[in-house]
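See below for the structure under consideration.
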Amino acid sequence: MKTIEFKNYNLKITLTPFINIIGSMGSTKSLLLKSMINQINGNQIYLDDKMVSSYDIDFLRKNLAAVMKSSEFKTEYVKEELVYYQNILGFSKDICYRNVNDFIKFFKLDDIIESKISNLTTYEQAYIKILSLLIIKPSIIGIEDLLTYLKDDEKLKIIKYAKNNNISILNITSNAEELLYGTDIIILNKKEVIAYDKTENILSDSKLLSSIGMNEPFIVELSANLNYYDLLKKKYFSMKTLVGELWK
């Protein structure tokens with residue numbers, strides 16, 4: 001799968017490993033994901049230039065997934081939640097539990113795998129909510145403002161797993177720091193796309209983020225301020241390269 005197009009947003013996305021979607025209040029970012037998984041009318045969505053309704057329903061369930069921000073879970077226990085969507089898609093019992101065991105190792109879930117979900121912390125619940133859909137290896141997974149609850153190493157594991165399995169993440173976020181993880185940024189204002197470009201290009205223009213009331217990531221803002229005082233000559237997007245440049 002190479003592209004997904006939302007006609008009602010006049011938005012055609014070239015799928016890359018991690019795309020951030022940001023916007024002002026009321027910019028209908030969540031509706032974009034809900035339409036992708038057919039929670040609302042998705043007739044104006046195209047996959048690789050074919051209307052989504054022309055695809056087999058099993059194909060869509062397997063390839064399009066979205067983790068919405070809510071407290072709802074399908075089961076009571078962590079292991080059951082990791083199995084739930086696999087069962088819906090008809091995965092065999094052996095494959096289901098092989099996948100779960102792989103996830104326990106890769107995402108270091110040993111301490112919580114047998115836990116009741118209601119006993120988990122908020123960040124652990126967000127982690128399991130994402131992993132329960134990531135485990136089916138969809139071509140595209142939307143995530144609605146949940147990565148912000150996770151630690152950096154957990155975010156990076158999700159991104160690494162997605163990249164290794166050719167999964168594109170569409171990450172709706174209000175956290176400026178998460179922009180640094182992405183390959184591209186889409187900025188929405190209501191149902192209009194006001195910018196869509198590579199991450200570094202978007203972050204190089206401070207007016208784009210300020211137009212929707214979002215601050216720049218700390219490291220980008222810091223390097224911009226150092227530029228102002230003639231300590232640097234350009235913006236930087238990682239602390240390591242910024243510190244290296246300062247101490248040359």
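Quick notes on this one:
- Per-residue Cβ neighbour rank within 10 angstrom, fewest leading, M36, M1, M214: M1, M214, M36
- Within the chain: Cβ-based charge dipole about Cα centre, in debye rounded to nearest 20 (Lys, Arg +1; Asp, Glu -1): 400
- The simple Förster model, with R0 at 45 Å and r as the Cβ-Cβ distance, assigns N175 and Y97 a FRET efficiency of 0.85.
- Centre-to-centre separation between the Cα atoms of region 156-194 and those of region 1-74: 13 Å.
- In this calculation the C-beta distance from F59 to L31 is compared with R0 = 25 Å, giving a FRET efficiency of 0.65.
- Phi-derived couplings, Karplus 6.51 cos²θ - 1.76 cosθ + 1.60 at θ = phi - 60°, listed residue by residue for region 199-214: 3, 5, 5, 5, 6, 6, 10, 4, 5, 5, 6, 5, 5, 10, x, 10 Hz, with x used for Gly and Pro.
- Applying both filters, DSSP loop and at most 10 other Cβ atoms within 10 Å, to the trypsin sites (Lys or Arg not before Pro) of region 128-186 gives K151.
- Extension gain, N87 back to K105 (0.36 nm per residue minus Cα-Cα distance, nm): 4.4 nm
- Shape summary of the chain, radius of gyration then Dmax from alpha carbon positions: 19.2, 62 Å.
We did not get these values from a lab; they are worked out from the coordinates using the rules stated. Note that the structure is a prediction, hence the values are computed from the model and not measured. Neighbour counts run over all protein chains shown; Cβ positions are idealised from the backbone, glycine included.
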